[in-house]
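J.: Structure incoming, see below.
No lab work stands behind these numbers, since they all come straight from the coordinates. For clarity, every value in this text was computed on a predicted model and none was experimentally measured. Ideal geometry is used to build each Cβ from the backbone, glycine not excepted, and the neighbour counts take in all protein chains shown.
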Amino acid sequence: MRLLIAGGGTGGHIYPALAVARSLREAETRDGGPPELGWIGGRRGLETQLVPPAGIPLRRLMLRSLRTVDLNVHTVADPIRLAASVPQAAAILARERPAAIFTTGGYVAVPVLMAAAPLRIPVVLWDGNVIPGRAVRVTARLADVITVSYEATCQALASAAGDAPCYVTGTPIRDVRAIDREAARVQLDVPAGERVMLIFGGSQAVRRFNAAVAGALPQLVAKATVIHVAGQDGYAAALAGREALPEPVRGRYRPYPFLRDEMLPALAAADLVVGRAGSSTLAEATAFGLPLVVVPYPHAAGHQKANARELVEAGAARVIDDEAFDAAALLDAATLLDDAAAHLEMSAAARSLGRPGAADAVARLVLAAAERRPLPEPETIERLSRGVAA
């Protein structure tokens, strides 16, 4: 059985799809083995860096999967590229004849789902934001099954999705079930009893985070070990800041240009996360039961603010507006480490939201659609997404 994944652009579209791909590879189809996977992406997005190393063949459409919001020549060129990508996607689908398509929305989904409709290829669409993006709202009517991270998203897509069933699965994430906190701390050389702050700004706009860390660094390392993802462009300055610290506390500041395989151990070792409000960030933190201080990315059309609001209302997070996030705000956020009662309460709230089995739940739906079987009951998907065998 052949399945295709359509997604690209930022990590928020790619990492959940990779998590579902992992679950699909561990599943068994009616053919007696795991499905064969392929991936359709675009130009300029992170899929070029992340998908081939995962061992999945990548085909790229003409469109740009990661677009800018500025008015420039691409404002005119992008619709042309989109139109040209529809027959390109149709040719790929006609040649590959996948049993089903799984997509994480975004610009790439538009031509792929338009091409899939006349071929009657089943489509499972996932969206991780409370407020669906434009591409998801446009393509929801072309999906056979919709999966989402928040109940409110099902309601928002009700008119666009028509009769397509909508399941709340949570955000597909990497498998956290085998990650042990103490083993992660040993791996990262964190002393026993040491408190750990994990600070990262996602794949976009980390400069504000880096400036806040730089301004607060001496006080932060007096309180905790700081694991800081500074981005490639900010890494040299972060290293310079580390060298400027007094030698006895220098080892408490751990800057990285990025974290990939080390991200799960960093989350497992952490006591507090400070980050953006992307769906994957929130999902992985809640899977570990971590309190969050979130700084929604201001150029995400309100998506991240709405995502953050869900966690705040549940008692799992505090929010700082992007324009207010500076060294003083970061130091104030760190005071949560000193409030044992509030930290415990937020940790329990975060854990109650966690859906560590989301990738398995989505994979179950993709396989059912591909094999034209009846879809699982919502209660089955709920249990599976929560990590309960179903």
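J.: Can you give the angle from 0 to 90° between the axis of helix 11-26 and the longest principal axis of the chain, with both taken from C-alpha atoms, to the nearest 10?
T.: 70
J.: Then there is this: Shape of the range 3-160 from its Cα gyration tensor (a ≥ b ≥ c, root eigenvalues): rounded if a/c is under 1.5, otherwise prolate when a/b > b/c, or oblate?
T.: Working: a/c = 1.43, a/b = 1.21, b/c = 1.19.
It is rounded, given that a/c, with a ≥ b ≥ c, falls under 1.5.
J.: Let me ask you something else. At 0.36 nm per residue, and after removing the present C-alpha to C-alpha distance, how many nm does the segment from Val138 to Leu259 gain when stretched out fully? Let's see the in-between values first.
T.: Numbers: separation 121, 0.36 × 121 = 43.56 nm, distance 3.35 nm.
Taking 0.36 nm per residue and subtracting the Cα distance, the gain is 40.2 nm.
J.: Taking 41 Å as R0, compute the FRET efficiency from the Cβ-Cβ separation of Arg351 and Arg95 and round it to 0.05. Intermediate results must be reported in sequence, preceding the final value.
T.: On the way: r = 46 Å, r/R0 = 1.11.
Efficiency, rounded to the nearest 0.05: 0.35.
J.: Dividing the alpha-carbon radius of gyration of the range 185-343 by 2.2 N^0.38 Å (N being the number of residues), what value is obtained?
T.: Values: Rg = 14.4 Å, N = 159, 2.2 N^0.38 = 15.1 Å.
In units of the globular-protein estimate, the range 185-343 measures up at 0.96.
J.: Give me the extension gain from Glu28 to Ala340: residue separation times 0.36 nm, minus the current Cα-Cα distance, reported in nm with one decimal. Please list the in-between numbers first.
T.: On the way: separation 312, 0.36 × 312 = 112.32 nm, distance 4.53 nm.
Roughly 107.8 nm would be gained on extension.
J.: Note the direction-averaged projected area, equal to a quarter of the hull surface, for the Cα convex hull of the chain, in nm². Write down the numbers at each step before the final one.
T.: Details: hull surface 75.5 nm².
One quarter of the hull surface, i.e. the mean projection, equals 18.9 nm².
J.: Taking only Cα atoms, what is the 0 to 90° angle, nearest 10, from helix 207-221's long axis to the longest principal axis of the chain?
T.: Between helix and principal axis, roughly 30 degrees.
J.: Still on this structure, please answer the following. Roughly how many nanometres apart are two label points built 7 Å out from the Cα toward the Cβ at Arg59 and Glu371?
T.: About 2.5 nm separates the two model spin labels.
J.: Explain nothing, just the number: dipole magnitude of the chain about its Cα centre with +1 on each Lys and Arg Cβ and -1 on each Asp and Glu Cβ, in debye rounded to the nearest 20.
T.: Details: 41 positive and 39 negative charges, 244 e Å.
With only Lys, Arg, Asp and Glu charged at Cβ, the dipole is about 1180 debye.
J.: In nm, give the distance between the simple-model label positions of Ala117 and Asp233, each being 7 Å from the Cα along the Cα-to-Cβ direction.
T.: 3.8
J.: Taking amide H positions as placed 1.01 Å from N in the peptide plane, with prolines and chain starts having none, which residues 5 or more places from Arg195, or on another chain, fall under 5 Å of its amide H?
T.: Those lying under 5 Å, H to H, from Arg195 are Thr225.
J.: Where does helix 73-96 land angle-wise versus the long Cα axis of the chain, in degrees 0 to 90, nearest 10?
T.: 60
J.: Right, something else. I'd like the projected area of the range 251-353, averaged over all directions, using the convex hull of its alpha carbons. Report it in nm² with one decimal.
T.: Mean projected area of the Cα convex hull: 6.9 nm².
J.: Can you list residues whose amide H is under 5 Å from Asn129's amide H, if they're 5+ apart or on another chain and H is modeled 1.01 Å from N?
T.: Here the answer is Ser149, since their amide H atoms fall under 5 Å of that of Asn129.
J.: Can you give the extra length, in nm with one decimal, that the chain gains between Glu151 and Asp326 once fully stretched, where that is 0.36 nm per residue apart less the Cα-Cα distance? Walk me through the numbers before you get to the answer.
T.: Values: separation 175, 0.36 × 175 = 63.00 nm, distance 3.29 nm.
Full extension from Glu151 to Asp326 adds 59.7 nm.
J.: Using +1 at the Cβ of each Lys and Arg and -1 at the Cβ of each Asp and Glu in the chain, identify which of Ile101, Gly251, Tyr15 lies farthest towards the dipole's positive end.
T.: Ile101
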